[in-house]
Amino acid sequence: RGISSDQRPKRPLTAYFRFLKENRPAFREKNPEASNMELIKKLAGAWKELPASQKQVYEEARKTDWQRYGEQLAKYKAQLTPAQAAALKEERRKQLAKRRSLRAKRELTVLGKPKRPRSGLNIFVSENFQESEGISPVVSQDRLF
């Protein structure tokens with residue numbers, strides 16, 4: 001993270017994640033041999049079957065935490081200098097640009113963008129590599145060149 005973002009207040013947990021955090025140890029005791037994936041699946045099923053009245057408790061806690069978070073965030077932003085605020089904004093802009101470029105690159109690979117043509121060295125090594133199969137890497141490299 002960048003400038004003074006270590007002091008930035010953390011976003012509060014959602015109702016579901018609060019439920020997971022509170023009930024995970026109990027489910028772990030009941031199912032000590034279960035993997036994390038199985039444990040999460042059981043907890044998700046328990047959340048789905050939880051009545052709305054009990055979910056409301058977690059929702060209320062989430063709302064109060066979000067109000068507290070809003071106050072803390074406003075206080076944090078108020079104590080930032082203009083230079084720090086600009087630096088944080090620039091850092092955020094760079095993160096978003098990087099995320100967009102990664103998403104675009106992933107989309108191109110999914111759509112089947114062709115690869116670059118192979119270089120001469122790549123073709124040479126792939127043709128001669130099969131001849132040096134089963135030999136130590138050092139010896140095979142010496143034989144290739």
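The values are calculated or read from the model by the stated rules, or taken from the named source; none is laboratory data. Just so we're clear, the structure is a prediction, and the values are computed from it rather than from any experiment. Note that we place each Cβ from the backbone using ideal geometry, even for glycine, and neighbour counts take in every protein chain shown.
So here's what we get for this one:
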| item | result |
| --- | --- |
| Test result for residue 94, surrounded by 10 or more Cβ atoms within 10 Å (Cβ to Cβ) and within 30 Å of residue 22 (Cβ to Cβ) | no |
| Qualifying residues in region 1-19 (those that are aliphatic (A, V, I, L, M) and modelled with pLDDT of 95 or more) - the one nearest to residue 96 (Cα to Cα) | 13 |
| Residue match in region 11-33 (condition: under 30 Å from residue 95 (Cα atoms) and exposed (fewer than 12 other Cβ atoms within 10 Å of the Cβ)) | yes |
| Evaluation of residue 76 against (1) without any contact (Cβ under 8 Å) to a residue 60 or more places away in the chain; (2) out of contact with any helix residue (DSSP H, G or I) (no Cβ under 8 Å at 6 or more places or on another chain) (one fails), failing number | (1) |
| Output for region 75-89, where each listed residue is surrounded by 12 or more Cβ atoms within 10 Å (Cβ to Cβ) and either assigned to a helix (DSSP H, G or I) or not hydrophobic (A, V, I, L, M, F, W, C) (or both) | 76, 77, 84, 85, 86, 87, 88 |
| Among residues of region 122-145, those that are at pLDDT below 70 and in contact with a helix residue (DSSP H, G or I) (Cβ under 6 Å, 6 or more places away or on another chain), counted | 4 |
| Of all residues in region 34-74 being among the polar types (S, T, N, Q) and over 12 Å from residue 15 (Cα atoms), the one that is surrounded by the fewest Cβ atoms within 10 Å (Cβ to Cβ) | 53 |
